[in-house]
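Visitor: Dropping the structure in here first, questions after.
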Amino acid sequence: MNHFQTLTPSSLSREAFVATFADIYEHSAWVAEQAFDLGQDPSIDEIDGLHQRMADLLLSASHAAQLALINAHPDLAGKAAVQGELTAASTSEQAGAGIHQCTAEEFARFTALNDAYKAKFGFPFIMAVKGSNRHQLLAAFETRIHNTPEQEFACALAEINKIALFRLQQL
């Protein structure tokens, strides 16, 4: 049982809950709003309990809502990262994977892969980067680009739920 260290979600007002959890799912406050609207009970005071509730909401959402959430994510080592336009969480996550230390050749490879991936799948490559380095990310990119669109859509949702868990564990 992993309790949140700094807060008790079930005791928060809707406004405070949404403000606290709005960016657990990148630029998608609707997940936090719907999680709150399901009711406040002690299960959401556990990291795993709240994560399961939020993950289930994402997985049961419409395809359009899921795609919008996927598209809310930045490219790995993309223009937003280079220009400092990422959310604080994304900046920290990408920096933790050493993306900011990429050589010019590695940035060029990320750019080419980002472009090819988006051309094939219609959404950005998503990977929970915590615990990975830029070499592992490039390897995963090069492997996953050969998946089917259905495989990658499911993989993107699974990776987004991993990212959400990591973000909840930081609270």
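Visitor: Scan the range 12-21 and give yes if some residue there is over 21 Å from A128 (Cα atoms), in contact (Cβ under 8 Å) with a residue 40 or more places away in the chain and either not hydrophobic (A, V, I, L, M, F, W, C) or not in a helix (DSSP H, G or I) (or both), otherwise no.
Guide: no
Visitor: A77 versus (1) of a type in the set (G, A, S); (2) assigned to a loop (DSSP other than H, G, I, E, B); (3) at pLDDT 85 or above: which is the lone unmet condition?
Guide: Checking A77 against (1) of a type in the set (G, A, S); (2) assigned to a loop (DSSP other than H, G, I, E, B); (3) at pLDDT 85 or above, the one that fails is (3).
Condition check ((1) outside the structural domain of F153 (by TED's automatic domain parsing); (2) acidic (D, E); (3) crowded, with 17+ Cβ neighbours inside 10 Å) across all residues:
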{"position": "E26", "(1), (2), (3)": "yes, yes, yes"}
{"position": "P42", "(1), (2), (3)": "yes, no, no"}
{"position": "D48", "(1), (2), (3)": "yes, yes, no"}
{"position": "A55", "(1), (2), (3)": "yes, no, yes"}
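Visitor: Is at least one residue of the range 9-24 hydroxyl-bearing (S, T, Y), outside the structural domain of L165 (by TED's automatic domain parsing) and surrounded by 21 or more Cβ atoms within 10 Å (Cβ to Cβ)?
Guide: no
Visitor: Ok, one more. List pairs: first residue in the range 43-58 and basic (K, R), second residue part of a helix (DSSP H, G or I) and surrounded by 18 or more Cβ atoms within 10 Å (Cβ to Cβ) anywhere in the structure, Cβ distance under 7 angstrom, at least six positions apart or on different chains.
Guide: Listed pairs, sorted by first residue: R53/A35; R53/I44.
Visitor: Kindly provide the set of residues from the range 114-152 that are loosely packed, with under 12 Cβ neighbours inside 10 Å, within 17 Å of the chain's Cα centre (by Cα) and on the phi < 0 side of the Ramachandran plot, ordered by number.
Guide: none
Visitor: Something else about it: Can you report the number of residues in the range 153-168 which are more than 17 Å from G122 (Cα to Cα) and either buried (at least 19 other Cβ atoms within 10 Å of the Cβ) or in contact (Cβ under 8 Å) with a residue 60 or more places away in the chain (or both)?
Guide: Going through the range 153-168 one residue at a time, the tally reaches 7.
The values are calculated or read from the model by the stated rules, or taken from the named source; none is laboratory data. Just so it is clear, the structure is predicted and the values come from calculations on it, not from any experiment. We place every Cβ from the backbone using ideal geometry, glycine too, and count neighbours over all the protein chains shown.
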